[in-house]
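This report concerns only the one structure given below.
What follows is calculated from the coordinates using simple rules that are stated; it is not laboratory data. Keep in mind the model is a prediction, meaning the values are calculated, not measured. Positions of Cβ are generated from backbone atoms using ideal geometry, with glycine treated the same way; all protein chains shown enter the neighbour counts.
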Amino acid sequence: MPDTTPDTQTQPPQVRLLLGAVFLAYLAQMTLNPVIAPLAREAGLAEWQIGVVISTAAIMIVLTSQLWGRRSQSWGRKPVLIAALASATLAMLAFAVLAILGMRGLVTGTALFALFVLTRGVIFGGALAAVAPTAQAYIANVTETEQARVKGMAGVGAVQGIAMIAGAVVGGLLAAISIEASIVAVPILLGGGVLIVALGLRREPRTELIPDPPRVSPTDTRVWPFLLAGFGMFTALGFIQVITGFIAQDRFTLDAQMTGIVTGGALLAAGIGMVLAQSVIVPKSRWAPRTLLRVGTVVAAAGFAVLLIGANMTVFVLAIFLVGLGLGIAMPGYTAGASLLMRSDEQGGLAGLIGATTGLTFVIAPTMSTVLYSIDPLLPIAIGGGIMCVVFLFVLLHQRFRP
């Protein structure tokens, strides 16, 4: 994987290891996504219960992201990542055991739901909250120019996109074997991340640490327009992300195994779009953050429109690809735009705040989308597309996004 930061001569191995940790964490998460819908139905859980599990993880990201971002500057990257990835590994190991017991009817109903909330929601969500802010704060601290910062943040996003592609492939292939195979793979991947960080990532000298990094307020005038734009984008994404499997299963009348394969293919298309955007379009275009936000939201909104009217599987996959492509273009504008306005000691707090804002979108959106889906399958898609259009108008007209 190429190093996407400008300090390739001074610390390329550390940058690659850091991005490798991000990759494995999100690969584990994405490997589970293709089977989450059929898993819910095989275990006897309702759509809204899976929405609550995802929303609980998002709440934990909101509550802990800025703490993790600041701690990555005061404790160092290595201790933060080891603690987070080890906790995530144990949580998903417990989740895998519970899921298998649930599908076999040995743990059911309220007990299974509550344990899913605890493992996949509370513990895994709180642990995952550390990964992206740690990487973003580091990238911000080793880049100075606008182009370098945008490129570096795009590198973090590209790794997440690659994880989406790999997760869709791995999850889909394992789903073809069994749902259990996909579930068991998740803690194994996370455990590999723990080993890589523990054995390879160096600890910073004390002179590089900041004992008490400042908190960053979400109402800071330098920050809130970017946070609002990001909140809107990821809220729109949240309205379709959890229900993608349900859309595939119901629209095309698929069984549980085929649903996992088709959902994996759709998520693969989204990941390809995201990687294409952040590995090719963003670096080659050299667009400013405001332009990235405008172009990206338009493309993503087009994806929602296609998903709304798509009647066959090819159009369905194309729609998800466009959403991934649009978000891949917009995300570096969201993360780098605010970062360029902050001091170096504020980068950890800002990275955590960005993570918390992204997490906040998934507190309500998954539960709301599953509830709306039960009313009308087109309703969450239409609302998500409308939100994306509003974000485009905001970044087009607000003074913070003008030259």
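Rounded to the nearest Hz, the phi-derived 3J(HN,Hα) couplings of the stretch 246-252 under the Karplus curve 6.51 cos²θ - 1.76 cosθ + 1.60 (θ = phi - 60°) are 5, 4, 4, 5, 7, 6, 10, where x marks glycine and proline.
Considering only P332, P289, P211, the Gaussian network model of the chain with Cα springs below 10 Å gives its largest mean-square fluctuation to P211. Label zone (Q147, point 7 Å along Cα-to-C-beta; backbone nitrogen cut-off 12 Å) within the stretch 253-287: 283-287.
Each residue of the stretch 332-343 was assigned a 3J(HN,Hα) from its phi angle through the Karplus curve 6.51 cos²θ - 1.76 cosθ + 1.60 (θ = phi - 60°); the sequence is x, x, 5, 7, 7, x, 6, 4, 5, 9, 10, 6 Hz, with glycine and proline shown as x. Here the stretch 368-386 is scanned for amide nitrogen atoms under 20 Å from the site 7 Å beyond the Cα of T253 along Cα-to-Cβ, giving 377-378. Between the alpha-carbon centres of the stretch 159-174 and the stretch 294-353 there is a gap of 18 Å. Here the Karplus curve 6.51 cos²θ - 1.76 cosθ + 1.60, taken at θ = phi - 60°, turns the phi angles of the stretch 383-390 into couplings of 5, x, x, x, 4, 5, 5, 5 Hz, with x standing for Gly and Pro. Per residue, the average separation of C-alpha pairs within less than 8 Å and at least 6 apart gives the stretch 295-403 a relative contact order of 34 percent. The trypsin sites (Lys or Arg not before Pro) of the stretch 251-333 meeting both criteria, a DSSP state outside H, G, I, E and B (loop) and at most 14 other C-beta atoms within 10 angstrom of the site's C-beta, are R286. Above 29 Å, the calculated P(r) of the chain contains 37 percent of its Cα-Cα pairs.
Taking the chain as a Gaussian network, Cα atoms linked when under 10 Å apart, which of S339, S369, S74 shows the biggest mean-square fluctuation? Per the Cα network of the chain with a 10 Å cutoff, S74 tops the list.
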